[in-house]
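Read the structure below first, then the notes.
The values are calculated or read from the model by the stated rules, or taken from the named source; none is laboratory data. Remember, predicted model here, so these are calculated numbers, not experimental data. Cβ coordinates were reconstructed from backbone atoms using ideal geometry, including for glycine residues, and neighbour counts include every protein chain displayed. These accessible areas exclude ligands, DNA and RNA; they are computed on the full protein's heavy atoms, side chains included. Shrake-Rupley method; radii C 1.70, N 1.55, O 1.52, S 1.80 Å.
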Amino acid sequence: MVRDSLPGIEADPDLQRLFYGGEIAPEAEALLRKAAGAWQRTEEAQGYLEEAVSRWPSEVPVLIACYKFFFYKGMLSKALVHAYTLKGQSARRMGFPEDFREVRAHHANFDDYDKDPRFYLFTLKAIGYILLRLKRFDEGKEYVSKVLELDPGDKMGASILMRLILAGAPED
């Protein structure tokens, strides 16, 4: 996985693979590395990412790299597309209902630190946050509420987003 495309992640490649979807084809990793190296040249980096996702549309590390690139570049609508894709893949992998509103606590141990249920919660939180940033407050609130329902101990920190929503969701 590409360290430069995943801000805040330690330099340990094995740790990155654990949390970001596992091994990927060397060609996919090479494209992600090129995208990371071209970070300042947005169009060039975007081209590498688009090639990677067109060739490996189901690879979690590729989708995460695309999500993070668009998110950190402020292209929130594009980041949202990848967040929805990741949520759908996570739901299918876990055997959850397709509609996130139908997912209940009995579907998985969301209170544990198991990576799969936590990744699903992460996708819901990411979608909720992006929707809030896009001023789609009612939709964002649905996603954040679901995270809080499945994670009553608030290990994902969704209560911070909910407080923003309830306070009238300021600009940032």
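Output the pairs from K73/K125; K78/K155; K73/K155 with a Cα-Cα distance over 25 Å in this structure; if there are none, say none. Could the numbers behind the result be given before it?
Working: K73/K125 19 Å; K78/K155 27 Å; K73/K155 27 Å.
Cα-Cα > 25 Å for K78/K155; K73/K155; rest within.
Report the GluC sites (Glu not before Pro) located in the stretch 49-107 that are in a DSSP loop and have at most 15 other Cβ atoms inside 10 Å of their Cβ, or state none. Display every interim value, and only then the final one.
Numbers: sites: E50, E51, E59, E98, E102; in loops: E59, E98.
Answer in residue order: E98.
What length, rounded to one decimal in nm, is gained on full extension from L166 through to D112, with 0.36 nm per residue of separation minus their alpha-carbon distance? Show your work: numbers first, answer last.
Details: separation 54, 0.36 × 54 = 19.44 nm, distance 2.76 nm.
Fully extending the segment from L166 to D112 adds 16.7 nm.
At 1.4 Å probe size, with the rest of the protein present, what percent of the exposed accessible area of the stretch 43-172 is carbon and sulfur atoms?
In the stretch 43-172, the share of accessible area belonging to carbon and sulfur is 51 percent.
Output the Cα-based Rg and Dmax of the stretch 24-76 in Å, rounding Rg to one decimal and Dmax to a whole number.
Rg then Dmax for the stretch 24-76, in Å: 9.9, 28.
FRET efficiency for Q40 and K135, Cβ-Cβ distance as r, R0 = 41 Å, nearest 0.05? Display every interim value, and only then the final one.
Working: r = 29 Å, r/R0 = 0.70.
Here the calculated transfer efficiency is 0.90.
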